Amino acid sequence: MSSHRTPGIVSGRLPQEALARNFADHPPPLDRHEAAVAADRCYFCHDAPCITACPTEIDIPLFIRQIATGTPDAAAITIWDQNILGGMCARVCPVEQLCEEACVREVAEGKPVEIGRLQRHATDHAMESGHPYVRAAPTGRRVAVVGAGPAGLAAAHRLAVHGHEVTILDARPKAGGLNEYGIASYKTTEDFARREVEWLLDIGGITIEQGKALGRDVTLDELRAEFDAVFLGMGLAGVNALRASGEAHEGVQDAVDFIA
Ligand SMILES: Cc1cc2nc3c(=O)[nH]c(=O)nc-3n(C[C@H](O)[C@H](O)[C@H](O)COP(=O)(O)OP(=O)(O)OC[C@H]3O[C@@H](n4cnc5c(N)ncnc54)[C@H](O)[C@@H]3O)c2cc1C
Ligand code: SF4
């Protein structure tokens, strides 16, 4: 049994209860009443600075109003129409530096509307009812998507909605990209990355081939010959080197590999 005094690199320094606490869902989801109270704080600003601050430009006041009026599933559609991975973003997006930092109530009172938690409330609620999108009639067109990270999945979903057939190739054994391999598990409990991918694939028309890498197992020319279009969504692999002495020592890992 290790403790905080055990020398060297060892696991199990913390007692089980501390580990369970550290990896619990935090902050916990809002219940219906809490969500209604949180949504009521939104001023429904005409020139909403929260939307401008959101990298995916979700219509935040609209989805918050939909929660306030008791239609969280409509709120989820507002979010997903703009960002189909809105469930994960609700959990991991650094809202305190984006929409919530820009919120007029943060500026005026130091307490923003809880946009991230409200987004989670809406998407969690709607995900319980299954997949809400319907595919258009088949177009007969086939598209290859390289990379099953957020970019590739979002592209694949939108293509499938428009009736195209999509094949995703991913080098790794699991889909999700950094949502699966790069996000610390205390931010996304209960295997949410995997569940969100499964939910997204319920649209139909998308096949994922895991363990298949562009450049190793297939070439771009082969994909262009086989498919009508190719979308490249391989992400930005690699991390900045620390350039600190000793970084090549045994036991030293970069943060992304450590999280994976
Ligand atoms: C530690 C960390 C924390 C982060 N935290 C947040 C956060 O809190 N909030 C937030 O919004 N964003 C966060 N991000 C950023 C977010 O994860 C990325 O912006 C997002 O994952 C990029 O999506 P992507 O699909 O472009 O790339 P990736 O997620 O990297 O996915 C690329 C996919 O392509 C596959 N691939 C790569 N090369 C090939 C090949 N040759 N052939 C086939 N497949 C290939 C990979 O296996 C992978 O599945 C974080 C990133 C890191 C590293
Ligand atoms: S800035 Fe704040 S109060 Fe205004 S619309 Fe956005 S969330 Fe609501």
Inset, instruction - Please turn the phi angles of segment 52-57 into ³J(HN,Hα) values with the Karplus equation 6.51 cos²θ - 1.76 cosθ + 1.60 (θ = phi - 60°), one per residue in order, whole Hz, x for glycine and proline. - result: 4, 7, 7, x, 9, 6
Inset, instruction - Would you mind counting up the charge near Gly204? Only other residues with Cβ under 14 Å from its Cβ, with Lys and Arg at +1 and Asp and Glu at -1. - result: -1
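Solvent-accessible area per residue for segment 45-141 at a 1.4 Å probe radius, Å²?
Heavy-atom accessible area per residue stands at 48 Å².
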Inset, instruction - First check a/c for the chain, with a ≥ b ≥ c the square roots of the eigenvalues of its C-alpha gyration tensor; if it is under 1.5, answer rounded, and if not, answer prolate when a/b is larger than b/c or oblate otherwise. - result: oblate
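If you roll a 1.4 angstrom probe over the protein chains with everything in place, what fraction of the accessible area of the chain belongs to carbon and sulfur, to the nearest %?
After summing per-atom areas, the C and S share lands at 54 percent.
If you keep only loop residues by DSSP, which GluC sites (Glu not before Pro) in segment 13-87 have at most 14 other Cβ atoms within 10 Å of their Cβ?
Glu57
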Inset, instruction - Provide the per-residue ³J(HN,Hα) series for segment 105-113, in order, calculated from phi with Karplus coefficients 6.51, -1.76, 1.60 and θ = phi - 60°, each as a whole number of Hz, with x at glycine and proline positions. - result: 6, 5, 5, 7, 10, x, 9, x, 4
Legend entry - Neighbour net charge for Gly70 - beta-carbon separation under 13 angstrom, K R +1, D E -1: 0
Inset, instruction - Add +1 for every Lys or Arg and -1 for every Asp or Glu among the other residues with Cβ under 12 Å from the Cβ of Arg141, and state the total. - result: -1
Legend entry - Pairwise centroid distance, computed over Cα atoms, of segment 19-83 with segment 195-234, Å: 32
Legend entry - Cα gyration tensor category, rounded, prolate or oblate, for segment 125-251 with a/c compared to 1.5: oblate
Inset, instruction - Return the sequence-ordered ³J(HN,Hα) values of segment 124-131 in whole Hz as given by the Karplus equation 6.51 cos²θ - 1.76 cosθ + 1.60 applied to θ = phi - 60°, using x for Gly and Pro. - result: 4, 4, 6, 5, 5, 8, x, 9
Legend entry - Cleavage-rule hits (chymotrypsin sites (Phe, Trp or Tyr not before Pro)) in segment 169-257: DSSP loop, at most 16 neighbouring Cβ within 10 angstrom: Tyr186
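The values are calculated or read from the model by the stated rules, or taken from the named source; none is laboratory data. Keep in mind that this is a model prediction, so the values were computed, not measured. Reconstructed Cβ throughout: ideal geometry from the backbone, glycine too, with neighbour counts over all protein chains shown. Areas reflect the complete protein model, heavy atoms only, side chains present, ligands, DNA and RNA absent. Shrake-Rupley method; radii C 1.70, N 1.55, O 1.52, S 1.80 Å.
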